[in-house]
Amino acid sequence: MVLLKGFVKPEDQIGMVSMCRQLGKGLGGFYRPSLKNGAKLNLWMMSLGKNWDPTARSYGPTRPFDGAAAPTIPDAFKMIAQTANSTASEFPQINPDICIVNYYTNSGKLGLHQDKDESESSLTKCLPFITISIGDTAEFLFGDTRDKDQATKINLESGDVLILGGESRLLFHGVSHVKTNTAPSWLKEETGIRPGRINLTFRQYKLGTNPYDGDHRELL
Ligand code: SIN
Ligand code: MN
């Protein structure tokens, strides 16, 4: 697991907020997802690239409840995620085909879970996933089990990038709470962002046809 503190430049964070705001109010934008048992998640979500359906725990081109297609992942988002990915050179490079954007209000949270619904090829290669945090600070938990009392706690602040790959790929992780009024003042001034936190998770659901896709070797 690699944590890149303050990796996303202020101007890029500002750009990401305005792009998320624009995408979030359009077709395929933010909604409150439910789990299989009917419980609503304590966050707002939108999927870019492909749709992630938390009820069925599966990926697809459109979302079942309104038929909206997942908007394309902006190139600028991909670029930032891939630059962070290459900084953590111990992990293979991914070409993200899905970006899940979560918006947590100050009462938002997310229980401990594993990310293990990608294709078998993606998981077998332990392709990393990359998360970017913007806005208020979150207390982020991770550990080997679902037990939150045994989990390690770290703060994810605005601009932090966290990459889970290799042996850390299937760690349990979640957000216990969002800390009120902790977003940088310049971000609030420049974007007028409401209290809360945006988290973007990039992953490669499926390997492409390139045999070296997701591989980690020097080709020449
Ligand atoms: C997630 O695991 O889906 C999001 C994690 C976070 O919000 O930091
Ligand atoms: Mn997750």
What number of residues within segment 117-136 are of a type in the set (A, V, I, L, M, F, W, C) and open to solvent by 40 Å² or more (accessible area, probe 1.4 Å)?
-> 2
Taking segment 112-135 and keeping residues modelled with pLDDT of 95 or more and on the phi < 0 side of the Ramachandran plot leaves L112, I130, T131, I132, S133, I134
Please enumerate the residues belonging to segment 163-207 that are of a type in the set (K, R), over 15 Å from the mean Cα position of the chain (by Cα) and closer than 19 Å to T131 by Cα.
-> K179, K206
Filter result for the condition that a residue is under 18 Å from V8 (Cβ atoms) and either surrounded by 15 or more Cβ atoms within 10 Å (Cβ to Cβ) or charged (D, E, K, R) (or both), over E190, E139 = E190
Looking at segment 63-70, is at least one residue surrounded by 15 or more Cβ atoms within 10 Å (Cβ to Cβ) and aromatic (F, W, Y)?
-> no
Members of segment 89-104 that are within 13 Å of ligand 1 (Cβ to nearest atom), open to solvent by 20 Å² or more (accessible area, probe 1.4 Å) and over 16 Å from Q13 (Cα atoms) | none
Go through (1) among the small types (G, A, S); (2) within 16 Å of ligand 1 (Cβ to nearest atom); (3) without any contact (Cβ under 8 Å) to a residue 40 or more places away in the chain and name the single condition S86 misses.
-> (2)
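The values are calculated or read from the model by the stated rules, or taken from the named source; none is laboratory data. What you see is a predicted model, and the numbers here were worked out from it, not measured in a lab. Every residue, glycine as well, gets a Cβ built from its backbone with ideal geometry; the counts of neighbours run over all protein chains shown. In case anyone asks, the SASA skips ligands and DNA or RNA and just uses the protein heavy atoms, side chains included. Shrake-Rupley method; radii C 1.70, N 1.55, O 1.52, S 1.80 Å.
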